[in-house]
Amino acid sequence: MSTRRVPSLLSGYYFALIALLYLPIGILFLFSLNANTSLSFPLRGLTLDWYRKLLESEAVLRAARNSLVVAAGSSFAATLLGTMVALLAIRYQFRSKNLLIALAVLPLIVPFIVLGVALLLLFSTLHIERSLWTVGIAHTVVALPYTLLIVVSRLAGFDVNLEEAAMDLGANYPTTLRRIVLPIIAPAMVSAWLTAFTVSFDEFALALFLAGTEPTFPVYLFSQLRFANRLPIMIALAVLLMIGTLTLVVIAERVRRAE
Amino acid sequence: MLDRRSTFWILYLPPLLWLGAFFLAPLGLMAAFSFRADMRGDLLQIWTPTLAQYASVWATGSYVRLLGISALVALAVAVSATALAYPIAYFLAFRAGKRAGLYLVLLLVPFWTSYLLRVMAWKIMLGSEGVLNSFLLYLQLIDNPLTALLYNRNAVMLTLVYVWIPFAALPILAALQRIDLALFEAAADLGATPFRRFWRVTFPLSLPGVLAAFFMVFIPTVGEYVTPLLVGGSRGSLYGNIIQDFFTKAANWPLGSALSMIMLVGTLALVAVAVRLVDLRKLIE
Amino acid sequence: MKRTRLLLGIALSLALLASACGGGAAAPTTAPTAVSPAEQTGSLTVLDWAGYDDPDFWTDFQTTYPKVTVNFEIGASDADIYAKIKAGDQADLFHPYTGWLQFYVDEGLVAEIDTSKLTNWDKVPDSFKQIGQINGKQYFIPWDWGFTSILYRTDKVPEGIDSWAALMDPKFKGHVSMWDDGPGAVTVSSYIHGYDETQITPEQLGAIKEEWIKQRDANLFYWAGEPELVDGMANGDVWVAYAWQGAYATLLGQGVPVAYANPKEGRNSWVGVYGIRKDSPNYDLALKFLDAKLAAATGNNVVNQFFYGHSNQDVMNGITDETLKQAFSIGDPAILQKTNFTPNLTAEQRDAWTAMWAQVKAAP
């Protein structure tokens with residue numbers, strides 16, 4: 001691998017962008033310590049009150065939990081279904097193949113608002129109450145193209161001889177899949193899962209139309225924008241969530257390096 | 001014996017049923033609703049189809065015009081985000097080395113902070129008494145706060161580009177990672193400069209990823225409605241806002257459905273044209 | 001052959017979907033009247049706006065009936081609540097606001113309320129009781145209320161504001177904020193021009209649309225929630241705004257120099273009401289809930305936490321906080337005469353006025 005010294009420009013660009021990405025987060029962090037309920041300078045003094053109130057605020061924590069549950073469930077389903085279609089796309093020939101692939105990728109082409117509205121119509125007309133399930137279903141549909149494309153681009157480079165060798169040695173296809181194919185495409189599946197999780201966790205456009213009694217965190221946040229005195233608590237939670245994920249990431253990286 | 005053929009149904013049915021029930025059926029229902037006269041009566045009923053909603057949309061020229069503007073905005077955002085994301089993906093694929101995984105997640109972690117709040121934070125930064133303005137005023141680079149940064153269409157576009165760059169980097173990264181490094185060595189052996197190597201080898205091979213990134217940003221942005229709500233002001237509304245209003249503020253589902261169908265058909269047509277121009281099969285194979 | 005399999009697959013999935021609906025029916029409750037409140041069991045579902053699910057706002061019910069479970073569904077707006085009820089939502093109670101009440105009655109979605117069972121009913125002033133009456137029958141119980149007027153920064157607008165026309169004044173270019181609501185815009189225009197709100201003609205509606213398209217020059221952003229407005233005013237972006245008194249009270253509390261106008265056309269008043277869904281199996285329990293909503297502790301929480309009024313007159317008379325007294329203009333007994341209550345829309349008006357607003361936003 002080339003180690004030419006142009007990299008300083010590229011890495012500079014990367015870190016500059018990271019700084020830009022984290023700038024609003026830094027500002028949010030500042031405001032979570034702000035003694036005022038309004039989001040403007042000058043700050044009115046530092047306080048940890050909002051974090052305290054957050055821990056007492058069952059609704060906010062529940063909304064965060066809901067988002068985690070929906071993201072976990074929908075990303076799992078999307079990765080599963082996406083991998084299935086990817087395998088079909090690369091390994092099989094059948095008449096409706098192009099139709100299936102087109103169908104799986106089509107959600108990419110449908111703007112979220114159209115899909116959200118359409119699913120709203122479906123559930124309302126059938127008198128199916130909106131819930132975390134309906135949100136999760138929508139998230140799975142929109143994440144499916146991403147998981148499909150990510151797994152497919154990995155599968156496409158996969159040597160079919162490995163499969164045939166395994167089957168020549170007596171393995172049936174499910175076993176071949178499990179022991180040969182899956183381990184090799186596992187990193188792509190993880191990447192797909194991560195993407196699907198990301199798509200779902202903070203997703204708002206669809207969730208707004210499809211959430212029921214239990215809101216996801218973005219939906220809850222948006223609804224709370226009505227009430228000024230609740231906002232800092234939301235910010236405190238957002239900051240905590242971010243610190244939490246950052247910590248997890250650092251730990252995961254340490255573990256990975258140690259292996 | 002469970003050979004490849006019989007495993008077919010296990011792989012085929014679940015995605016098909018899922019997409020049929022939760023993708024095709026809802027869109028079909030929405031199409032049906034677009035031919036409904038009003039909201040009276042039960043939601044589930046057979047109604048006499050009418051073109052009244054479409055006629056209403058056609059008569060209001062501003063809706064269709066707004067759709068065109070939304071498409072142009074989406075185009076600008078998609079091009080910018082993809083272009084700005086490419087160096088990130090390149091850095092992660094070829095320069096980050098062992099730390100690539102960490103850097104990638106570092107890029108994505110802000111997504112686990114609420115998008116709504118991040119946009120609110122941008123408002124704080126760009127507002128007339130915000131960070132940027134107070135900083136510039138302090139340095140006496142400007143006399144009056146800049147008001148052009150917020151509550152207009154430009155603010156919407158800037159915010160969208162900012163939000164999409166990390167996400168656009170992903171498919172480009174995936175495509176770059178697929179490139180066989182032996183090709184680089186071959187290019188070097190043939191005497192190619194780094195720039196030529198990039199232009200003749202790397203970039204063409206990453207093109208499927210670039211196109212994927214472009215469409216991944218373009219399509220959702222056409223129907224974007226959240227960002228205009230937060231930073232668009234009175235004039236920054238996009239087509240998606242009109243649809244949303246008809247569903248949430250007006251409870252006028254037939255008209256909202258008609259507007260949605262028009263956008264859906266328009267988007268599909270656009271993509272069909274684009275697919276003709278760029279053979280998408282290269283993406284799959 | 002493959003095509004039939006495809007169709008079979010779709011039919012199967014729809015059948016599965018249809019069978020999933022069966023689980024949506026509400027569980028029947030017993031609610032016998034002979035049981036003491038403390039022993040009363042059962043459950044209620046309330047379709048309400050975000051924030052009102054907080055126990056503070058139904059605290060009397062919780063204290064009196066501790067064993068009853070109350071679940072909340074959140075509605076994002078009046079249109080959302082209306083759509084949910086139409087879609088067969090199983091909530092027992094819902095919380096719409098003035099202007100949006102007629103459709104529920106016309107489409108048979110709400111049950112008549114037996115006010116003889118409400119012990120706190122006599123504490124509600126007659127003018128409020130009437131708000132909840134449609135076609136002569138009591139369908140809704142008034143609960144929270146407030147004013148709409150023009151809120152302005154006294155330091156940026158030292159000359160004061162005396163008319164709704166200020167929202168359109170080019171003098172305030174880039175510093176006005178209007179509520180994101182079509183019917184609200186029609187109301188303001190009808191106050192300015194003296195139109196009859198219940199009889200807006202298509203010509204008048206066209207003129208109103210042009211007026212609000214032009215108003216965009218003065219308007220900075222449309223606010224959908226009070227925090228947006230409060231932030232905008234606190235940091236000086238917004239000088240003049242269409243506002244409820246909640247924002248006024250919040251800003252006063254923050255020490256921002258603001259005033260709440262008394263326009264010559266009169267302030268607007270809105271009232272939030274609760275209705276019981278027709279065919280709710282928990283009618284009696286829902287009535288008890290409504291009665292508790294009218295009680296003093298709940299009312300005080302509404303006033304003190306959201307700075308909104310409460311329909312229980314005793315609660316309003318008991319306000320001592322100076323900020324709140326200013327917000328409600330308690331010192332001016334004639335204020336209720338000088339306000340205009342929002343009339344109820346017909347379905348046609350709702351469609352026409354919301355479409356008008358969409359066109360204002362879509363205009364070049």
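The values are calculated or read from the model by the stated rules, or taken from the named source; none is laboratory data. Note that the structure is predicted; figures quoted are calculated from it, not measured. Cβ: placed from backbone, ideal geometry, glycine included. Neighbour counts: every protein chain shown.
Laid out as a table, the results:
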| quantity | calculated |
| --- | --- |
| Selection status of A:ASN66, farther than 20 Å from A:PHE217 by Cα, assigned to a helix (DSSP H, G or I) and of a type outside the set (A, V, I, L, M) | no |
| Condition met for B:TRP199 (under 17 Å from the mean Cα position of the chain (by Cα) and more than 11 Å from chain A (Cβ to nearest Cβ)) | no |
| Filtered residues of region B:129-151 (kept if of a type outside the set (Ser, Thr, Tyr) and buried (at least 23 other Cβ atoms within 10 Å of the Cβ)) | B:GLY130, B:LEU150 |
| Among residues of region A:128-153, those that are more than 20 Å from the chain's Cα centre (by Cα) and closer than 20 Å to A:ALA186 by Cβ, counted | 0 |
| Condition met for C:VAL230 (among the β-branched types (Val, Ile, Thr) and either in contact with a strand residue (DSSP E or B) (Cβ under 6 Å, 6 or more places away or on another chain) or within 12 Å of chain A (Cβ to nearest Cβ) (or both)) | yes |
| Filter result for B:SER260 (crowded, with 22+ Cβ neighbours inside 10 Å, out of contact with any Gly (no Cβ under 8 Å at 6 or more places or on another chain) and outside any helix (DSSP H, G or I)) | no |
| Among (1) crowded, with 24+ Cβ neighbours inside 10 Å; (2) without any contact (Cβ under 8 Å) to a residue 12 or more places away in the chain; (3) aliphatic (A, V, I, L, M); (4) out of contact with any Pro (no Cβ under 9 Å at 6 or more places or on another chain), the one test that A:LEU121 misses | (4) |
| Residues satisfying the stated conditions in region C:232-248, i.e. of a type outside the set (Gly, Ala, Ser) and not in a loop (DSSP other than H, G, I, E, B) | C:MET233, C:VAL240, C:TYR242, C:TRP244, C:GLN245, C:TYR248 |
| Residue check, C:THR63 at pLDDT 80 or above and assigned to a helix (DSSP H, G or I) | yes |
| The listed residue being free of Cβ contacts under 8 Å to residues at least 60 places away in the same chain, surrounded by fewer than 23 Cβ atoms within 10 Å (Cβ to Cβ) and under 21 Å from the mean Cα position of the chain (by Cα), out of A:VAL60, A:VAL105 | A:VAL105 |
| Hits in region C:35-65 - residues which are among the hydrophobic types (A, V, I, L, M, F, W, C) and surrounded by fewer than 16 Cβ atoms within 10 Å (Cβ to Cβ) | C:VAL35, C:ALA38 |
| Residue match in region B:60-68 (condition: more than 8 Å from every other protein chain (Cβ to nearest Cβ), closer than 30 Å to B:LEU207 by Cβ, in contact (Cβ under 8 Å) with a residue 12 or more places away in the chain and not β-branched (Val, Ile, Thr)) | yes |
| Residue in region C:74-86 that is in contact (Cβ under 8 Å) with a residue 12 or more places away in the chain and in a strand (DSSP E or B) present | yes |
| Residue match in region C:114-126 (condition: within 14 Å of another protein chain (Cβ to nearest Cβ) and either among the basic types (Lys, Arg) or touching a residue at least 12 places away in the same chain (Cβ under 8 Å) (or both)) | no |
| One residue from C:VAL188, C:VAL240, C:VAL230 being without any contact (Cβ under 8 Å) to a residue 40 or more places away in the chain, β-branched (Val, Ile, Thr) and crowded, with 18+ Cβ neighbours inside 10 Å | C:VAL230 |
| Residue in region B:185-198 that is small (Gly, Ala, Ser) and touching a Ser or Thr at 6+ places or on another chain (Cβ under 7 Å) present | no |
| Hits in region C:55-83 - residues which are at the interface with chain A (Cβ under 8 Å from one of its Cβ atoms) and among the charged types (D, E, K, R) | C:GLU73 |
| Residues that are away from chain A (no Cβ under 11 Å) and closer than 13 Å to B:ALA251 by Cα, drawn from region B:40-52 | B:ARG40 |
| Odd one out for C:GLY182 among (1) within 14 Å of chain B (Cβ to nearest Cβ); (2) surrounded by 22 or more Cβ atoms within 10 Å (Cβ to Cβ); (3) at pLDDT 95 or above | (3) |
| Qualifying position, being within 26 Å of B:GLY209 (Cα to Cα), at the interface with another protein chain (Cβ under 7 Å from one of its Cβ atoms), surrounded by fewer than 19 Cβ atoms within 10 Å (Cβ to Cβ) and under 25 Å from the mean Cα position of the chain (by Cα), among B:VAL105, B:VAL109 | B:VAL105 |
| Subset of region C:187-227 [in contact with a Lys or Arg (Cβ under 7 Å, 6 or more places away or on another chain), more than 14 Å from chain A (Cβ to nearest Cβ) and not aliphatic (A, V, I, L, M)] | C:ARG216, C:ASP217 |
| Residue list for region A:76-96, restricted to those being modelled with pLDDT under 90 and within 15 Å of A:PRO107 (Cα to Cα) | none |
| Candidates C:ALA292, C:ALA352, filtered to the one that is within 30 Å of C:GLY88 (Cβ to Cβ), among the hydrophobic types (A, V, I, L, M, F, W, C) and within 14 Å of chain B (Cβ to nearest Cβ) | C:ALA352 |
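Every residue, every condition in (1) aromatic (Phe, Trp, Tyr); (2) surrounded by fewer than 22 Cβ atoms within 10 Å (Cβ to Cβ), yes or no:
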{"position": "B:ARG153", "(1), (2)": "no, yes"}
{"position": "B:LEU170", "(1), (2)": "no, no"}
{"position": "B:PHE195", "(1), (2)": "yes, yes"}
{"position": "B:THR202", "(1), (2)": "no, yes"}
{"position": "B:GLY209", "(1), (2)": "no, no"}
{"position": "B:VAL217", "(1), (2)": "no, no"}
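Here is a yes/no grid of residues against (1) among the hydrophobic types (A, V, I, L, M, F, W, C); (2) free of Cβ contacts under 8 Å to residues at least 60 places away in the same chain; (3) in a loop (DSSP other than H, G, I, E, B):
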{"position": "B:LEU149", "(1), (2), (3)": "yes, yes, yes"}
{"position": "B:LEU176", "(1), (2), (3)": "yes, no, no"}
{"position": "B:VAL201", "(1), (2), (3)": "yes, yes, no"}
{"position": "B:LEU205", "(1), (2), (3)": "yes, yes, no"}
{"position": "B:ALA213", "(1), (2), (3)": "yes, no, no"}
